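Remarks on the structure that follows.
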Amino acid sequence: MHIIIGVLGVLGALVFWYYRLKYLGQAANEMVDTAGKMRGAYNRRKFRNKVEGSPLTAIDDPQTAASVMAVAVMEEKGPLSRETEDILRRELRNSIDVQDPEEMVTFTKWVVQQTADPDNVSRRFAKMWLNGLSETERRTFLAMVQRLAGVDGEATVSQHAIISRLQERLAL
C-alpha cells in the first residue's frame with residue numbers, strides 16, 4: 001500500500017511540475033511575442049517617419065520650400081480649388097519670383113500630400129530659410145503665407161498657429 005501511495009505521490013508531483021512548467025513556457029512566449037510586437041511597432045514608426053520625410057529631403061531650394069509651406073498652410077482648410085491655385089500661382093510669381101509657377105504648384109501639391117504636418121515642413125526648412133534668405137525676403141515670404149491663408153475666407157485657428165510657429169522659426 002505504501003508503494004502505491006509513493007507512486008501516486010511521484011506521479012502527482014510530475015503532473016504538478018509539468019503544468020507549472022507549461023504555464024511558465026506560455027508566459028515566456030507571451031513576453032517574447034509582446035517584445036516582438038513592440039519592436040515591430042518601433043520599426044514601423046521609424047520607417048513611416050523616414051518615408052514621410054523623404055519628399056522633403058529632396059528639396060534644397062528656398063523658393064520651392066517656401067512654396068511647399070504656402071500650400072501646406074492653404075490645404076489646412078481643405079483641397080485647393082482651381083481659383084485658389086490661380087491665386088497661388090500669381091503670388092508665387094509676384095512675391096518670390098518663381099519662373100514656372102504651374103510646375104511649382106503641381107510639385108508642391110504632391111509634396112504636401114506626402115507630408116502629414118505643415119509644422120513639420122517649417123521645422124525641416126527653417127535653417128534653409130534662415131541661411132538662404134535675407135530678413136526682407138523672409139518677411140516677404142511670411143506675408144505671402146499670411147495672405148494665402150486667408151484666400152478662401154478668414155484663416156483658421158490651426159493656420160494661425162502654423163503661421164505663428166513659422167514666424168518664430170524665421171526669426172521675425
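What to note about this one:
- Label-point gap, in nm, between residue 58 and residue 100 - each point 7 angstrom along Cα→Cβ: 1.4
- Virtual spin-label span in nm between residue 161 and residue 30, 7 Å along Cα→Cβ: 3.9
- D (Stokes-Einstein, µm²/s), Kirkwood Cα radius, the range 1-101, 0.692 mPa s at 37 °C: 163
- Longest to shortest principal axis, alpha-carbon extents of the range 104-164, angstrom: 31, 25, 21
- Order of 164, 158 under a 10 Å beta carbon neighbour criterion, fewest first: 164, 158
- Here the Karplus curve 6.51 cos²θ - 1.76 cosθ + 1.60, taken at θ = phi - 60°, turns the phi angles of the range 144-158 into couplings of 4, 4, 5, 5, 5, 5, x, 5, 9, x, 5, 5, 7, 4, 5 Hz, with x standing for Gly and Pro.
- Among 149, 27, 161, the residue with the largest mean-square fluctuation in a Gaussian network model of the chain, with springs joining Cα atoms closer than 10 Å, is 27.
- Note on the chain: lysine pairs with Cα distance below 20 Å, sequence gap of 8 or more or different chains, count 5.
- Relative frequency of Cα-Cα separations exceeding 12 Å in the range 1-55, percent: 76
- Mean separation of Cα pairs under 8 Å and 6 or more residues apart, divided by the residue count, gives the range 80-172 a relative contact order of 33 percent.
- For the range 60-65, the Karplus equation 6.51 cos²θ - 1.76 cosθ + 1.60, evaluated at θ = phi - 60°, returns couplings of 10, 10, x, 5, 5, 4 Hz by residue, with Gly and Pro reported as x.
- Residue-averaged 222 nm ellipticity for the chain, from DSSP H runs of 4+ at -39500 (n - 2.57), nearest 500: -28000 deg cm²/dmol
- Gap separating the Cα centres of the range 1-35 and the range 68-93, nearest whole Å: 69
- Values of log10 I(q)/I(0), in the order q = 0.14, 0.15, 0.18 Å⁻¹, for the range 58-169 under a Debye, Cα-only, solvent-free model: -0.47, -0.55, -0.82
- Whole-number percent relative contact order across the chain, with pairs defined as alpha carbons under 8 Å at least 6 apart: 26
- Contour excess over end-to-end distance, with Cα ends at residue 172 and residue 116 and 0.36 nm allotted per residue: 17.6 nm
Where a number appears in this text, it was derived from the coordinates with a stated rule and is not lab data. Treat the numbers as computed from the prediction; the structure is a model and nothing was measured. All Cβ positions, glycine included, derive from the backbone under ideal geometry; neighbour counts span all protein chains shown.
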